[in-house]
Amino acid sequence: LKKLKTETKASSSFNFKGNKVQYEFNSSLLDVIVGVVDNISRGKLSAANFELERVKSLIAKRNKLVRFADKSPAGWTAVEEYESDELADDSEDEKKLRSAERRALVKIREKKVLS
């Protein structure tokens, strides 16, 4: 209960959305790592290995998004568009990235016009 209150307070106190997203990502990794430590202490090595593989996958995905945001003129807006398009499969990834970037640039232009 104490942990939940602390996380709720911390997650609502961010000035920037990107920082909140990164905090939530880091918190989810931390939860998995706590589970891994628990599994290791109980001798459940295959369960610990499974969780570590999941962490590896999550970090690889996050790094891909960071590289995409850094490379794109639309930045994190393009990442948000990319993540919202979950329907296409991984073989279409390059196409999804380009499409997300185009949608993000349109959103940025619309915000500038309205400002």
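Values as computed for the structure displayed
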quantity	calculated
Matching entry among ALA69, ALA104 (being free of Cβ contacts under 8 Å to residues at least 12 places away in the same chain, out of contact with any His (no Cβ under 9 Å at 6 or more places or on another chain), assigned to a helix (DSSP H, G or I) and within 20 Å of GLY18 (Cα to Cα))	ALA69
Boolean, LYS56 is closer than 19 Å to ASN26 by Cβ and either assigned to a helix (DSSP H, G or I) or modelled with pLDDT of 85 or more (or both)	yes
Where a residue in segment 53-64 is closer than 16 Å to VAL32 by Cα and its partner, wherever it lies, is open to solvent by less than 70 Å² (accessible area, probe 1.4 Å) and of a type outside the set (Val, Ile, Thr), with Cβ under 7 Å and at least six apart	VAL55/LEU29; LEU58/LEU29; ARG62/PHE25
Residue count for segment 11-32, restricted to those that are touching a helix residue (DSSP H, G or I) at 6+ places or on another chain (Cβ under 7 Å) and part of a helix (DSSP H, G or I)	9
Qualifying positions in segment 85-115 - among the small types (Gly, Ala, Ser) and modelled with pLDDT under 75	ALA88, SER91, SER115
Residue that is closer than 22 Å to LYS111 by Cα, assigned to a helix (DSSP H, G or I) and not aromatic (Phe, Trp, Tyr), where the choices are GLU83, GLU94	GLU83
Members of segment 23-38 found to be within 11 Å of LEU52 (Cα to Cα) and either in contact with a Cys (Cβ under 6 Å, 6 or more places away or on another chain) or of a type in the set (Asp, Glu) (or both), listed by number	none
Residue in segment 9-22 that is over 30 Å from THR77 (Cα atoms), open to solvent by less than 90 Å² (accessible area, probe 1.4 Å) and in contact (Cβ under 8 Å) with a residue 12 or more places away in the chain present	no
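The values are calculated or read from the model by the stated rules, or taken from the named source; none is laboratory data. Note that the structure is a prediction, hence the values are computed from the model and not measured. Every residue, glycine as well, gets a Cβ built from its backbone with ideal geometry; the counts of neighbours run over all protein chains shown. Surface accessibility is based on the protein's heavy atoms, side chains included, excluding ligands, DNA and RNA. Shrake-Rupley method; radii C 1.70, N 1.55, O 1.52, S 1.80 Å.
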